[in-house]
Amino acid sequence: MLDKVDMPKDRLYIGGEWRKGQGAEITSVFPADRSHNATVSGASAADVEEAIARAQDAADAASWKRLKPHERASFLYKISDGISRNIDRISYIQTRDTGKTLGETRALAASAAGTFRYFAAVCETEEEKITPARGDYITLSRWEPLGVVAAITPWNSPIASDAQKLAPALAAGNAVILKPASWSPLVSLELARIIDEAGLPKGLLSVLPGSGSVVGDLLVTHPAVGKVSFTGGTAVGRSLARKAAEKLMPVSLELGGKSPTIVFEDADIDQTIAGILFGIFSSSGQSCIAGSRLYVQRSIYKPFLEKLIARTKALRVGHPFESSTQVAPLIHEDHRNSVERFIAQARRDRGTILAGGQRPAGGDYNEGVYLEPTIIGDVAPGAEICREEVFGPVLTVFPFDDEDTLIRDANDNEYGLACGIWTRDVVKALRIGAAIKAGTVWINTYKQFSISTPFGGMKASGMGREKGRDGLRAYMQQKSYYIDTSGALHPWAGL
């Protein structure tokens, strides 16, 4: 059945209409064998201008602006149902687009359906406030949509990232322009098809894959765009924030990570190793929250590391359509080259390759963009491999002796996205978690998510939060009302 799934056509979704983009071509390649998926004409500056103009009209239209929250929610429920009906098709397209395993892309599609369903429920149950009056008047605090917002999403988990931005933005009453990454444009276009079939009013959504220097920059600087929500690299996020500051526009930035994972001597070893392997090597390490720095208490360091190395070498690297595959190919040859440069530099920094560190050879491996899961030891904390986000299946390991030194070393990094702590002592875990500068702390688990729980980073890992009930208000602005109840003339007028 999977071989019969057609890739999205060479058409963009511009203001609710399907047509060919006027920008440079974007080619999607299957990372497992580098075969051609599809070529799409990207968006041009003129396409962006048209999408913004249609978004303004749609956001201001009475047919959308005056909808009651439960009426807006009905569209999100329909979108959720459409995603659920198309999970097989979505997962296949995303696997072809990104190289992720079918098991992972199915989970991401199901997550996207759940995200739309959750924000539909939040939308129709959200409450506004009558605030305590301090005079003869009634005071109200109300929330209104921003108008036109832009969502810029990464290539590693597009369907889930798209949903985490589109669902709350639409639920809040906005029009949205989505720019997916050029390496993975297809599943976002498939999502546009599903949303279109759900009957969302024309103009409220555009999907514009294209150059960051053209599409992204124009979305950030255009005066009609009221907010940008960006997930991606820290360098791009900083540049975006500087441009947004010029127009005093709010932004949400979910950026890079170099997350520490901490193992105490009392941890359940098998549970811990399973969690560490999943935290760094699932998604082939292409995850902002990957647990890429491992700190193990010195009393168990050597036997723990021996077991971890053996388990890492036993991981199944293979084709993303094979059900037994645990580590699939990286998304693109250029990205693999980048990861390999980090490994080469770690060698020059006197690091020891304890596992992996090279491309698997022979058979299908020679056709695809594969890289072995890699563990590196004996590097100084200041080495590049320990400080920069590799975004690949690469783990650095360190022993630690005491909590103070551990906390200092774990925090000695510009990033602050996530942290994992493994111990049977929950009180200790909470104490360490409070000391670690990270937006998410997992205790005896890793990479678990709930759409109802806010997510975001500290330091160079970003600003703002997605998910949770407050994720709706991140796409709204607050307005206060005062309603006089006295009927009296104001004494200042002297009338």
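The values are calculated or read from the model by the stated rules, or taken from the named source; none is laboratory data. All figures in this text were calculated on a predicted structure; none of them were measured in a lab. Using ideal geometry, Cβ is built from the backbone for each residue, glycine included, and neighbour counts are taken over all protein chains shown.
Here is a yes/no grid of residues against (1) among the hydrophobic types (A, V, I, L, M, F, W, C); (2) in contact with a His (Cβ under 7 Å, 6 or more places away or on another chain); (3) not assigned by TED's automatic domain parsing to the domain that holds residue 48:
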| residue | (1), (2), (3) |
| --- | --- |
| 211 | no, no, no |
| 246 | no, no, no |
| 265 | no, no, yes |
| 276 | yes, no, yes |
Inset, instruction - Answer yes or no as to whether residue 416 is surrounded by 13 or more Cβ atoms within 10 Å (Cβ to Cβ), out of contact with any Leu (no Cβ under 8 Å at 6 or more places or on another chain), closer than 21 Å to residue 377 by Cα and small (Gly, Ala, Ser). - result: no
Legend entry - Elements of type helices (runs of 4 or more DSSP H) in the range 67-154, at least 3 residues being crowded, with 23+ Cβ neighbours inside 10 Å and either touching a Pro at 6+ places or on another chain (Cβ under 8 Å) or not assigned by TED's automatic domain parsing to the domain that holds residue 178 (or both): 87-98, 102-125
Inset, instruction - Go through the range 430-447 and give me each residue that's touching a Phe, Trp or Tyr at 6+ places or on another chain (Cβ under 8 Å) and either basic (Lys, Arg) or buried (at least 19 other Cβ atoms within 10 Å of the Cβ) (or both). - result: 439, 440, 446, 447
Legend entry - Count of residues meeting criterion [touching a helix residue (DSSP H, G or I) at 6+ places or on another chain (Cβ under 7 Å) and either among the charged types (D, E, K, R) or outside the structural domain of residue 423 (by TED's automatic domain parsing) (or both)] in the range 301-318: 2
Inset, instruction - Taking residue 450 as meeting all but one of (1) without any contact (Cβ under 8 Å) to a residue 40 or more places away in the chain; (2) within 18 Å of the chain's Cα centre (by Cα); (3) surrounded by 12 or more Cβ atoms within 10 Å (Cβ to Cβ), write down the number of the exception. - result: (3)
Legend entry - Residue, surrounded by the fewest Cβ atoms within 10 Å (Cβ to Cβ), within the range 215-237, restricted to residues that are in contact (Cβ under 8 Å) with a residue 60 or more places away in the chain and of a type in the set (S, T, N, Q): 234
Inset, instruction - Test residue 215 against the criterion of being aliphatic (A, V, I, L, M), under 21 Å from residue 465 (Cβ atoms) and in contact with a Lys or Arg (Cβ under 6 Å, 6 or more places away or on another chain), and give yes or no. - result: no
Inset, instruction - Considering every residue within the range 353-360, establish whether at least one is assigned by TED's automatic domain parsing to the domain that holds residue 287, within 18 Å of residue 33 (Cβ to Cβ), over 24 Å from the mean Cα position of the chain (by Cα) and surrounded by fewer than 20 Cβ atoms within 10 Å (Cβ to Cβ). - result: yes
Inset, instruction - Check every one of the strands (runs of 3 or more DSSP E) wholly within the range 376-448 and list those with 1 or more residues that are more than 23 Å from residue 306 (Cα to Cα). - result: 418-422, 440-443
Inset, instruction - Among what's in the range 293-314 and is in contact (Cβ under 8 Å) with a residue 12 or more places away in the chain and over 24 Å from residue 257 (Cα atoms), pick the residue that is surrounded by the most Cβ atoms within 10 Å (Cβ to Cβ). - result: 304
Inset, instruction - Only residues that are out of contact with any helix residue (DSSP H, G or I) (no Cβ under 8 Å at 6 or more places or on another chain) and crowded, with 20+ Cβ neighbours inside 10 Å: list them for the range 1-28, please. - result: 26
Legend entry - Tally of residues being touching a strand residue (DSSP E or B) at 6+ places or on another chain (Cβ under 8 Å), touching a residue at least 40 places away in the same chain (Cβ under 8 Å) and assigned to a helix (DSSP H, G or I) across the range 1-59: 9
Legend entry - Filter result (surrounded by 18 or more Cβ atoms within 10 Å (Cβ to Cβ) and out of contact with any strand residue (DSSP E or B) (no Cβ under 8 Å at 6 or more places or on another chain)) within the range 195-210: 198, 200
